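Single-structure report; data block below.
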Amino acid sequence: MLNSAKPTKGVIGAEPEPIKLDWPATALLIIDMQRDFMEPGGFGETLGNDVSQLARAVKPIGAVLTAARDTGMLVIHTREGHLPDLSDAPPAKVERGAPSLRIGDPGPMGRILIRGEAGHDIIPELYPLDSEIVIDKPGKGAFYATELGDVLEKYGIENLLVCGVTTEVCVNTTVREANDRGYRCVVISDGCASYFPEFHEMGLKMIKAQGGIFGWVANSAAVLEAMKVSTT
Ligand code: TIU
């Protein structure tokens, strides 16, 4: 029998149910894989966190990033941070808690969470290509006070593969924002991490509960499998 079917890409084995995406309308959104969160001496550690908890997400993200680059998928990286004069940093954020260093203070990787400083940059393993989009965001959500919505509209994006750190903070906030704007979000479970493993687990459960109230959750292997060209 002649197989005249055009190569199509597969369904993602996700929870709460498998999802078939229109792949040309799908982008990879990598949230805040910055030295400030991932490495000692950055913002995450100043808040009292064990930053080694986040390392486990790097390899799964790297694998999906490679596949996205190979298939020509739109790749968007985000970075949380503030202008050097802190004009986009609300006092309520800067003054909060009792961190060892506050946003804007000098640290071992430059001023904490400030755009242009070494700590604000994305880790070398996942460094953006010049052709990829980088969105600087002052908040936890990637839509608030950024051009992300316009970028997604310009490229005709309807679906987002979302990964990055941290699961319950910037990933969850962004997924909630995206869901309200009508995007289908598939969160890559092992491509996210939290300083608190239990928050990671619950953060993913919150997304996929109630029939996928905020989106879908799949591991990187399932996403990679679906991204492979098949003839079925
Ligand atoms: N503290 C924490 O878990 N996260 C953040 O402050 N930002 C992000 O999640 N990117």
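The values are calculated or read from the model by the stated rules, or taken from the named source; none is laboratory data. Keep in mind the model is a prediction, meaning the values are calculated, not measured. Positions of Cβ are backbone-derived with ideal geometry, glycine not excepted, and every protein chain shown enters the neighbour counts. In case anyone asks, the SASA skips ligands and DNA or RNA and just uses the protein heavy atoms, side chains included. Shrake-Rupley method; radii C 1.70, N 1.55, O 1.52, S 1.80 Å.
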What are the residues in the range 7-33 that are crowded, with 24+ Cβ neighbours inside 10 Å and either within 16 Å of the ligand (Cβ to nearest atom) or assigned to a helix (DSSP H, G or I) (or both), if any? Leu29, Ile30, Ile31, Asp32, Met33
From the set of residues in the range 84-127 that are loosely packed, with under 13 Cβ neighbours inside 10 Å and among the aliphatic types (A, V, I, L, M), which is farthest from the chain's Cα centre (by Cα)? Ala98
Residues that are of a type in the set (A, V, I, L, M, F, W, C), open to solvent by 30 Å² or more (accessible area, probe 1.4 Å), at pLDDT 95 or above and within 14 Å of the chain's Cα centre (by Cα): does the range 178-199 have at least one? no
Which numbered condition in (1) within 14 Å of the ligand (Cβ to nearest atom); (2) assigned to a helix (DSSP H, G or I); (3) surrounded by 20 or more Cβ atoms within 10 Å (Cβ to Cβ); (4) aliphatic (A, V, I, L, M) is the only one that Ile207 fails? (1)
Under the condition of being more than 15 Å from the ligand (Cβ to nearest atom) and in a loop (DSSP other than H, G, I, E, B), which residue from the range 42-78 is farthest from the chain's Cα centre (by Cα)? Gly72
Of the residues that sit in the range 74-88 and are touching a residue at least 24 places away in the same chain (Cβ under 8 Å) and not hydrophobic (A, V, I, L, M, F, W, C), which one is farthest from Met38 (Cα to Cα)? Asp88
Taking the options Tyr155, Tyr195, name whichever one is closer than 27 Å to Val11 by Cβ and of a type outside the set (D, E, K, R). Tyr155
Every residue from the range 103-125 that is assigned to a loop (DSSP other than H, G, I, E, B), closer than 17 Å to Asp50 by Cα and not hydrophobic (A, V, I, L, M, F, W, C): none
Does Asp36 fit the bill of being away from the ligand (no atom under 14 Å from the Cβ), touching a residue at least 40 places away in the same chain (Cβ under 8 Å) and among the acidic types (Asp, Glu)? no
Residues within the range 100-114 that are within 16 Å of the ligand (Cβ to nearest atom) and out of contact with any Gly (no Cβ under 7 Å at 6 or more places or on another chain), tallied: 5
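Take the range 167-183 and flag every residue that is more than 10 Å from the ligand (Cβ to nearest atom) and either at positive phi or touching a Gly at 6+ places or on another chain (Cβ under 7 Å) (or both). Talk me through it step by step, then tell me what you get.
Going residue by residue through the range 167-183, those that are more than 10 Å from the ligand (Cβ to nearest atom) are 175-183.
The answer is Val175, Glu177, Asn179, Arg181, Gly182.
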Anything in the range 138-162 that is within 12 Å of the ligand (Cβ to nearest atom) and within 26 Å of Asn219 (Cβ to Cβ)? List them, or say none. Lys140, Gly141, Ala142
